[in-house]
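As structure tokens, the structure follows; a few thoughts come after it.
Bear in mind these aren't lab numbers, they're just calculated from the coordinates by the rules spelled out. A quick note: this is a predicted structure, and the numbers were derived from the prediction, not measured. Cβ placement follows ideal geometry from the backbone for every residue including glycine, while neighbour counts extend to all protein chains displayed.
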Amino acid sequence: IEIIGRNEAGTWILVRGVGGTNACWVKASLLQIRGEVLNVAPTDVPLPPSPYYGPLTGVTAARDGDFVLVTWNPLFLRAGDDSEQVPYVVEAWVCREGQVVFEPVGSYAPSAEIRDEYGCSQPSHARVTAAEKHGYTPYVEVHWPPAPPPGEE
């Protein structure tokens with residue numbers, strides 16, 4: 001396979017078969033990469049949009065210490081629209097050891113718990129989407145609760 005892109009941090013790699021046209025994202029830690037992945041330009045490949053379903057509704061987030069529980073109303077698909085993959089994806093940019101990191105979280109339930117620590121200079125944030133066989137619903141931004149300083153929880 002060949003590497004054709006990466007996320008900003010180089011933790012996710014966009015690959016395809018040599019000369020192929022179908023690309024997919026793979027977590028970099030699962031690959032044996034020859035060369036320096038950060039020499040490849042960062043890539044933003046938009047997800048294919050669903051022509052049949054709108055954005056998720058009822059998206060909320062609640063913090064309990066270093067954990068944020070994101071919830072939303074379930075998306076009910078018409079018969080035959082199941083994509084046979086994880087139906088929900090939360091893309092979160094969260095604080096870990098003083099650095100903002102990208103954390104994609106797949107979920108089979110209409111909720112996901114994500115660790116987010118105190119101590120980053122930039123605020124954490126997230127968005128959520130759902131998958132069906134034709135594509136993905138529009139993203140919904142999560143109103144992310146800020147992390148309180150230690151001792152103020």
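Computed over every Cα-Cα pair of region 11-112 and binned at 5 Å starting from 0, the pair-distance distribution P(r) comes out as 2, 8, 14, 20, 18, 16, 12, 7, 3, 0 percent. Karplus-based coupling profile of region 124-141, in residue order and whole Hz: 6, 7, 7, 9, 10, 9, 10, 10, 9, 4, 8, x, 10, 5, x, 5, 10, 6, with θ = phi - 60° in 6.51 cos²θ - 1.76 cosθ + 1.60 and x standing for Gly or Pro. Considering the chain as a Gaussian network with a 10 Å cut-off on Cα pairs, which listed residue, G106, G135, G20, attains the greatest mean-square fluctuation? Taking springs between Cα atoms under 10 Å, the residue moving most is G20. Rounded to the nearest 20 debye, the dipole size of the chain about its Cα centre is 500 debye, using +1 on the Cβ of Lys and Arg and -1 on the Cβ of Asp and Glu. For the chain, taking a cut-off of 4.7 Å between Cβ atoms, the unpaired cysteines are C24. Derived scalar couplings between HN and Hα for region 26-40 equal 9, 5, 4, 5, 8, 10, 9, 9, 8, x, 9, 5, 6, 6, 7 Hz in order, rounded to whole Hz, by the Karplus curve 6.51 cos²θ - 1.76 cosθ + 1.60 (θ = phi - 60°), x for Gly and Pro. Rounded to the nearest whole Hz, the Karplus-based 3J(HN,Hα) values (6.51 cos²θ - 1.76 cosθ + 1.60, θ = phi - 60°) of region 74-83 follow the sequence x, 9, 9, 8, 5, 3, x, 8, 4, 8, with x at glycine and proline. Which chymotrypsin sites (Phe, Trp or Tyr not before Pro) in region 67-106 sit in a loop by DSSP (not H, G, I, E or B) and have at most 14 other Cβ atoms within 10 Å of their own Cβ? Loop-located and lightly packed - F76.
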